[in-house]
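Novice: Supplied in structure tokens, the structure appears directly below.
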Amino acid sequence: MDLADELAGNVPDLSLYDERYGPDNWKFSNIYSLGIGQGEMGVTPLQLANVAAIIANRGHFFLPHLVKQIGAEKKIRPEYAQKHQVPIDRAHFELIIAGMRDAYRMGTVAHYAIDAELELCGKTGTAQNPHGEDHSVFIAFAPRDNPKIAVAVYVENAGFGGNWAAPIAALVIQKYLKGEISRRLQWTEKYVKERRFVLPPASETPPADSTRKKPDADALRPENTDSLKKSKIALNRENANRPLSLGDGLDGITLLIYLALVAFGWMNIFAAVYDADQAWFAFSLNYTKQLLWIGTAGLIILLIIGFDYRTYETFAYLLYGAMLFLLIGVMFFGREVNGARAWIDLGPIRLQPAEFAKFITALTLARYLTQPQLRREKWSTLLTAGGIIALPALLIILQNDTGSALVFSVFALVLYREGLLPGWFLPGGLGLAALFVLGLSLSEAQLFYFLVLPILSAALLFILSLRKKKLSVLSAALLIAFALIFYVFSIKYVFEHLLAPHQKERILVLLNEDIDPQGRGPRYNLFHSRVAIGSGGFWGKGFLNGTQTKLNYVPAQSTDFIFCTIGEEHGWVGSFLTIGLFTALLARLVLLAERQRDKFVRIYGYAVAGVFSFILPLISE
């Protein structure tokens with residue numbers, strides 16, 4: 001451009017990545033975010049406006065310039081009169097332009113459409129900013145056919161593109177094409193001016209400060225502009241090389257929900273084991289141990305968020321291998337607790353590798369699914385992803401810790417979200433779960449009349465409804481029908497012959513079967529936990545005033561059955577608050593995962609949300 005000291009933006013090259021990661025140590029996963037304008041890419045507003053001009057012109061552009069013509073002969077430098085063509089077929093631009101037009105017709109900026117005859121076309125953008133509010137971005141051109149103006153607006157720390165950049169662009173375009181602001185957009189003009197994004201008129205400008213130091217004239221001389229340009233480029237490169245730590249994108253709402261759950265949880269653990277005759281903070285008490293763990297966890301969190309998140313992506317496979325080694329080792333050298341050999345004693349500390357395995361598996365799954373050469377349509381991709389999930393789950397089952405292994409089933413939802421599983425997977429899985437419950441609840445005669453006959457009837461009706469009776473379709477329908485019938489009748493056999501006695505007891509209690517309510521088994525636990533929760537009423541008995549938990553009617557009252565303390569001492573209100581906070585945390589995790597543009601972060605976010613989703617059924621039980 002014909003402007004001194006113009007910067008060309010920051011388009012990274014090989015040297016930047018070699019310097020950042022080392023030669024031959026970076027790959028596609030380090031640079032694919034450039035394709036959506038993220039990562040180390042740093043384009044200027046002028047370049048954004050030129051992109052809008054290229055789209056408006058259906059593939060060609062002229063170099064931007066300030067000087068339109070010189071002298072009476074109206075000459076212009078040859079390079080600014082040369083037409084440049086981009087290597088994209090003109091036909092492809094029409095679809096993009098139609099979408100940009102719809103943004104003004106019925107999209108996020110429809111209320112800034114102003115005159116219909118102008119046929120504005122635009123696209124909002126929000127540049128994520130880890131140091132504060134996001135930046136508002138908008139590009140537009142008008143009219144749609146025979147365009148006369150292309151605009152790019154970039155407003156720092158102004159939020160979504162539709163909030164500020166879009167109305168500013170609408171005002172600029174209307175003023176340029178019409179020469180005035182219409183009555184319909186006068187409120188928009190006032191809205192923008194009140195925010196003071198536009199400098200006030202000269203009459204409102206305060207007098208210059210005479211004591212202000214003037215810029216050094218030597219720094220503005222032509223021979224020094226190269227050093228100035230180099231210093232600016234070096235600054236851009238330094239910002240591009242800054243590690244992207246997890247703490248940069250820390251979500252305040254999620255943090256507050258987490259802290260509220262931690263504080264409320266610890267308070268109820270304290271209430272569950274409190275004894276006025278004991279010392280308050282004896283290290284043998286569970287709430288003292290939990291307080292130490294909370295402090296330790298806080299330090300670990302600070303350490304984790306201090307690293308560049310891509311560090312975890314890089315070492316995901318290594319962590320997965322170490323995790324498998326621990327899961328195998330614990331079966332031989334671990335400590336047995338409640339029938340499960342799943343713990344490792346490290347002096348006064350006892351660790352359960354299965355808990356770490358959940359999140360390391362999530363990291364590994366995210367790393368695998370973000371490989372650039374991955375072919376999702378291949379069965380090998382699904383089988384490999386399934387193997388990453390199943391291998392640690394099987395090792396945990398061998399430790400006799402089936403409950404922890406079941407958590408790994410939620411990773412199937414991640415595969416479903418990423419398109420590796422078919423659309424019928426979710427309803428099909430829910431249907432099979434319902435059949436499992438019915439298969440245990442009904443007698444064989446009831447199974448035949450209420451399940452087998454309906455399945456066969458549905459298969460026959462489907463076959464009769466087909467206009468063309470293809471052998472493959474008929475065979476598939478009959479195969480599915482008989483597979484479902486076999487599944488229904490095999491449920492009780494699996495239940496009676498393959499499950500351990502304590503597993504069968506827990507399932508039957510869940511189905512509300514009457515199993516020795518006066519004994520010390522799962523039915524006893526369920527009965528007295530319901531009594532404790534129900535006795536709290538609406539407001540609860542008050543902090544430290546629970547009787548069912550204090551008299552040891554409820555087992556494991558400070559761990560597995562801690563919710564009984566919440567229900568008894570804080571009542572329906574406390575129970576609702578706890579479930580509400582967990583639900584809000586889960587919803588927030590899903591929302592944050594969906595917002596991520598980095599695929600690795602998105603997949604890991606969904607996996608973590610899936611792991612936390614297992615907490616809600618345990619609470620409601």
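Novice: Compare Val153, Val51 by solvent-accessible area with a 1.4 Å probe and give them largest first, with all protein chains kept in place.
Specialist: Numbers: Val153 15, Val51 70 Å².
Descending accessible area places them as Val51, Val153.
Novice: Let me ask another. Points 7 angstrom from Cα along the Cβ direction at Ile76 and Ala584: gap in nanometres?
Specialist: 5.8
Novice: If you take the alpha carbon radius of gyration of segment 259-417 and divide it by 2.2 N^0.38 Å, what ratio comes out, to two decimals?
Specialist: Values: Rg = 18.9 Å, N = 159, 2.2 N^0.38 = 15.1 Å.
Dividing the Cα Rg of segment 259-417 by 2.2 N^0.38 Å gives 1.25.
Novice: At 1.4 Å probe size, put Met331, Met323 in order of accessible surface, largest to smallest. Mind showing how you got there, number by number?
Specialist: Numbers: Met331 50, Met323 10 Å².
Largest accessible area first, the list is Met331, Met323.
Novice: Find, among the trypsin sites (Lys or Arg not before Pro) in segment 25-86, those assigned to loop by DSSP (not H, G, I, E, B) with at most 15 other beta-carbon atoms within 10 angstrom. The partial results should precede the final answer.
Specialist: Numbers: sites: Lys27, Arg58, Lys68, Lys74, Lys75, Lys83; in loops: Lys27, Arg58, Lys68, Lys74, Lys83.
Sites meeting the loop and neighbour criteria: Lys27, Lys68, Lys74, Lys83.
Novice: P(r) tail for segment 330-438, what percent of Cα pairs lie past 25 Å?
Specialist: Details: 2038 of 5886 pairs.
That tail contains 35 percent of the Cα-Cα pairs.
Novice: How much FRET efficiency would the formula 1/(1 + (r/R0)^6) give for Leu478 and Tyr449, where r is the Cβ-Cβ distance and R0 is 25 Å, rounded to 0.05? Numbers along the way, then the final one.
Specialist: Values: r = 21 Å, r/R0 = 0.82.
Efficiency, rounded to the nearest 0.05: 0.75.
Novice: I would also like to ask the following. Please state the relative contact order of segment 290-408 as a whole percent: Cα pairs under 8 Å, 6+ residues apart? Let's see the in-between values first.
Specialist: On the way: 101 pairs, mean separation 29.0, N = 119.
With pairs under 8 Å counted, the relative contact order is 24 percent.
Novice: In the full protein assembly as shown, how much of Arg530 is accessible to a 1.4 Å probe, in Å² to the nearest 10?
Specialist: That residue has around 130 Å² of solvent-accessible surface.
Novice: Please work out how much length the chain gains when fully extended from Phe462 to Asp251, using 0.36 nm per residue of separation minus the C-alpha to C-alpha distance, in nm with one decimal.
Specialist: Values: separation 211, 0.36 × 211 = 75.96 nm, distance 5.03 nm.
The span from Phe462 to Asp251 would gain 70.9 nm if fully extended.
Novice: Using every pair of alpha-carbon atoms in segment 19-78, split the distances into 10 Å bins beginning at 0 and state the percent of pairs per bin, rounded to integers.
Specialist: For segment 19-78, the binned pair fractions read 16, 28, 26, 18, 9, 3 percent.
Novice: Work out from phi, with θ = phi - 60° and the Karplus expression 6.51 cos²θ - 1.76 cosθ + 1.60, the ³J(HN,Hα) of each residue of segment 599-613, listed in order in whole Hz, and give x for Gly and Pro.
Specialist: So the J values, rounded to whole Hz, are 4, 4, 5, 5, 5, 5, x, 5, 5, 5, 4, x, 4, 5, 5.
Novice: With 10 Å bins from zero, work out the P(r) of segment 387-455 over every alpha carbon pair and list the percent per bin.
Specialist: Going out from 0 Å in 10 Å bins, segment 387-455 shows 17, 32, 30, 20, 0 percent.
Novice: Same structure, new question: Which ³J(HN,Hα) values, rounded to whole Hz and listed in residue order, are derived for segment 83-94 from phi using the Karplus coefficients 6.51, -1.76 and 1.60 in 6.51 cos²θ - 1.76 cosθ + 1.60 with θ = phi - 60°, glycine and proline given as x?
Specialist: 8, 10, 10, 8, x, 10, 4, 4, 5, 6, 6, 4
Novice: Report the full-extension gain for the segment Arg376 to Lys190: residue separation times 0.36 nm, less the Cα-Cα distance, to one decimal in nm. Write down the numbers at each step before the final one.
Specialist: Details: separation 186, 0.36 × 186 = 66.96 nm, distance 5.11 nm.
Between Arg376 and Lys190, full extension yields 61.9 nm more.
Novice: Report the label-to-label distance for Leu394 and Ile328 in nanometres (one decimal), using points 7 Å from each Cα along the Cα→Cβ vector.
Specialist: 1.3
Novice: Any chance you could run the full-extension gain for Lys148 through Asn286? It's 0.36 nm times the residue separation minus the Cα-Cα distance, nm to one decimal.
Specialist: Working: separation 138, 0.36 × 138 = 49.68 nm, distance 7.26 nm.
Here the answer is 42.4 nm.
Novice: Right, next: Run through segment 326-390 and list the GluC sites (Glu not before Pro) located in a DSSP loop whose Cβ has at most 12 other Cβ atoms within 10 Å. All intermediate terms of the calculation are to be shown ahead of the outcome.
Specialist: Numbers: sites: Glu336, Glu355, Glu377; in loops: Glu377.
Sparse-neighbourhood loop GluC sites (Glu not before Pro): Glu377.
Novice: Take the Cβ-Cβ distance between Asp560 and Asn157 as r, set R0 to 41 Å, and report the resulting FRET efficiency rounded to the nearest 0.05. If you can, show how the numbers build up before the last one.
Specialist: Details: r = 47 Å, r/R0 = 1.16.
It comes to 0.30.
Novice: So how do Val262, Val437 rank on accessible area, 1.4 Å probe, biggest first, that is with the largest at the start? It would help to have the intermediate numbers written out before the result.
Specialist: On the way: Val262 40, Val437 65 Å².
The ranking, largest first, comes out as Val437, Val262.
Novice: Give me the accessible area of Ile566, 1.4 Å probe, in Å² rounded to the nearest 10.
Specialist: About 10 Å², rounded to the nearest 10.
Novice: What FRET efficiency do you get for Tyr317 and Ala260 if R0 is 51 Å and r is their Cβ-Cβ distance, rounded to the nearest 0.05?
Specialist: Details: r = 36 Å, r/R0 = 0.70.
Between Tyr317 and Ala260 the formula returns 0.90.
The values are calculated or read from the model by the stated rules, or taken from the named source; none is laboratory data. Since the model is a prediction, treat every value here as computed from it, not as a measurement. So basically every Cβ, Gly included, is an ideal-geometry build from the backbone, and we count neighbours across all protein chains shown. The protein model used for the area step is the full one, side chains on, heavy atoms only, and it has no ligands, DNA or RNA in it. Shrake-Rupley method; radii C 1.70, N 1.55, O 1.52, S 1.80 Å.
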